[in-house]
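Okay, structure first, notes after.
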Amino acid sequence: MKRVFNQHYLILTFSTLLAFLIGFSTEAQAQKKKKTKTKDGVTSTMDKGSIEAAITEAYNKYKDLKEGKNADYIPELAKVPSEQFAIVVVTADGQVYSKGDIDALYSIQSISKVITLAKNIEDSGAKAIQDKIGVDPTGQKFNSAVLVEERKGMEINPLVNAGAIASTSMIKGNNYEEKWKTIMQIHNDFAGRQLAVNDPVYKSEAATNQHNQALASLMNSFERMYFDPAQSVDIYTKQCAINVNTKDLAMMAATLANGGTNPVTKKKVVSPQTVAHTLPVMATCGLYDDSGIWFYNVGLPAKSGVGGGIMAVVPGQYGIAAFSPRLDEAGNSVRAQKAITDIVNKLNLNPYLVQPKP
Ligand code: GLN
């Protein structure tokens, strides 16, 4: 009797242990899943190690690449040390991963066009941008006047120079100072810190921007400028000279990835609806005449600047930024494009790459 009891007891103990182990492992799995999907819809499908590994791998692969050259049509940009290279990823819940020259400051250049566009959409509505500037890719170089002439300043977009200067002119404010203050503030809000203008770059471009002045005059001749053309070009030039580091760019991208709320300061910078109109313009026009090639290969909205920065947005998940001053023919940073592309592929972030359901 005693032996039977002992046997029963043993079986019972064993099955309890088994049930516990099974229970524990499914609980552990559930915990793991919970970590990758938070209830507010912000998904962070990657663990820390994978993001760090992807950044390091891209950094090491391209750190010695010397292809391309600094922009020199703005004399001050030619002086920026070409070797500098930085990569930063910021998650939509504010975690920062970085590698390289992350403290290097450089002028934001054309990436500012996205921030100004977002502010205009927020304040004047998506339709106003569509009607007053246009949201169609030009397929031309970023500072081309060809399509402006051909289309009489219509149906261009706010990410090429002519459209961007018009976009700056659209910013609300009664005078130069008010408009500039709003532009500086929106950049600060996106970055989550107080930024400053790179004065030598501003002065250098202001002294050599006759082509942009011509674009503004041409736009004005078609009644497609919404403030004094000369002052608008000056505000635009200053806006392009705002100094950022690569974390600032990634934070701006992460703010867009997070529906317009800065993931660290938690400030609601623009609405989710504004972001939903901003990202498609980046997707179709973000890398100038190479926008199609970029989107074809990477599948993500992005924006480049001739300072060497590029930011890309993975909606709901990440802001990715990279910086390297050497540019290709289209005016896009060679190493920044390559690094971001590799990270997107490695972490499987192309939203169009979907595995069929079993
Ligand atoms: N400030 C620069 C210009 O107007 C911006 C161009 C760019 O970054 N592609 O030429």
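The values are calculated or read from the model by the stated rules, or taken from the named source; none is laboratory data. Note that the structure is a prediction, hence the values are computed from the model and not measured. Every residue, glycine as well, gets a Cβ built from its backbone with ideal geometry; the counts of neighbours run over all protein chains shown. Keep in mind that these areas ignore ligands, DNA and RNA; they rest on the heavy atoms of the full protein, side chains included. Shrake-Rupley method; radii C 1.70, N 1.55, O 1.52, S 1.80 Å.
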- Message: Looking only at the range 188-206, how many residues end up being under 16 Å from Ala241 (Cβ atoms) and either of a type in the set (A, V, I, L, M, F, W, C) or surrounded by 22 or more Cβ atoms within 10 Å (Cβ to Cβ) (or both)?
- Response: 8
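Residue under question is Met225, and the condition is that it be open to solvent by 40 Å² or more (accessible area, probe 1.4 Å), among the aliphatic types (A, V, I, L, M) and assigned to a loop (DSSP other than H, G, I, E, B); does it hold? Give the derivation first.
On the way: open to solvent by 40 Å² or more (accessible area, probe 1.4 Å): no; among the aliphatic types (A, V, I, L, M): yes; assigned to a loop (DSSP other than H, G, I, E, B): yes.
No; evaluated as a whole, the condition is false for this residue.
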- Message: As an exercise: evaluate Val269 against (1) within 13 Å of the ligand (Cβ to nearest atom); (2) of a type in the set (A, V, I, L, M); (3) open to solvent by 10 Å² or more (accessible area, probe 1.4 Å) and give the number of the one condition it does not meet.
- Response: (1)
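Out of Val80, Val114, which single residue is in a helix (DSSP H, G or I), modelled with pLDDT of 95 or more and within 16 Å of the ligand (Cβ to nearest atom)?
Working: Val80 fails: in a helix (DSSP H, G or I).
Every option except Val114 fails the conditions.
Okay, residues lined up against (1) surrounded by fewer than 24 Cβ atoms within 10 Å (Cβ to Cβ); (2) touching a helix residue (DSSP H, G or I) at 6+ places or on another chain (Cβ under 7 Å):
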| residue | (1), (2) |
| --- | --- |
| Pro158 | no, yes |
| Gly163 | no, no |
| Asn174 | yes, no |
| Leu215 | no, yes |
| Leu249 | no, yes |
- open to solvent by 10 Å² or more (accessible area, probe 1.4 Å), of a type in the set (Ser, Thr, Tyr) and either modelled with pLDDT of 95 or more or more than 16 Å from the ligand (Cβ to nearest atom) (or both): does that describe Tyr352? yes
- Message: What are the pairs with Cβ atoms under 7 angstrom where one residue, in the range 216-236, is polar (S, T, N, Q) and the other, located anywhere, is outside any helix (DSSP H, G or I)? Sequence gap at least six, or different chains.
- Response: Ser232/Met225
- Message: When you check Val89 against the structure, is it modelled with pLDDT of 95 or more, open to solvent by less than 90 Å² (accessible area, probe 1.4 Å) and under 20 Å from Val334 (Cα atoms), yes or no?
- Response: yes
- Flagged in the range 292-319 as in contact with a Pro (Cβ under 8 Å, 6 or more places away or on another chain), over 18 Å from Asn345 (Cβ atoms) and more than 12 Å from the ligand (Cβ to nearest atom), in numbering order, are Gly292
- Query: List, please: which pairs have Cβ atoms under 6 Å, are six or more places apart or on different chains, and start with a residue in the range 116-127 that is farther than 10 Å from Thr278 by Cα and in contact (Cβ under 8 Å) with a residue 12 or more places away in the chain and end with one that is open to solvent by 40 Å² or more (accessible area, probe 1.4 Å) and not aliphatic (A, V, I, L, M)?
  - Reply: Asp123/Lys172
- Message: Looking at the range 135-156 only, could you name the residues that are open to solvent by 50 Å² or more (accessible area, probe 1.4 Å), in a loop (DSSP other than H, G, I, E, B) and either away from the ligand (no atom under 14 Å from the Cβ) or without any contact (Cβ under 8 Å) to a residue 24 or more places away in the chain (or both)?
- Response: Val135, Asp136, Pro137, Gly139, Arg151, Lys152, Met154, Glu155
- Query: For the range 57-77, which residues satisfy the criterion of being of a type in the set (D, E, K, R) and either crowded, with 21+ Cβ neighbours inside 10 Å or within 15 Å of the ligand (Cβ to nearest atom) (or both)?
  - Reply: Lys69, Asp72, Glu76
- Query: Can Ala104 be described as touching a residue at least 12 places away in the same chain (Cβ under 8 Å) and in contact with a Phe, Trp or Tyr (Cβ under 8 Å, 6 or more places away or on another chain)?
  - Reply: yes
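Can you confirm whether Pro272 is touching a strand residue (DSSP E or B) at 6+ places or on another chain (Cβ under 9 Å) and over 11 Å from Gly319 (Cβ atoms)?
Judged against the criteria, Pro272 is a match.
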- Query: Quick one: would you say Thr261 is of a type in the set (Ser, Thr, Tyr) and either more than 25 Å from Glu155 (Cα to Cα) or open to solvent by 30 Å² or more (accessible area, probe 1.4 Å) (or both)?
  - Reply: yes
- Query: So which of Ile121, Ile115, Ile108 is within 22 Å of Val314 (Cα to Cα) and either of a type in the set (Phe, Trp, Tyr) or in contact with a strand residue (DSSP E or B) (Cβ under 8 Å, 6 or more places away or on another chain) (or both)?
  - Reply: Ile108
- Message: Would you confirm, using the coordinates I've provided, whether Gly305 is more than 26 Å from Leu105 (Cα to Cα), modelled with pLDDT of 95 or more, open to solvent by less than 20 Å² (accessible area, probe 1.4 Å) and small (Gly, Ala, Ser)?
- Response: no
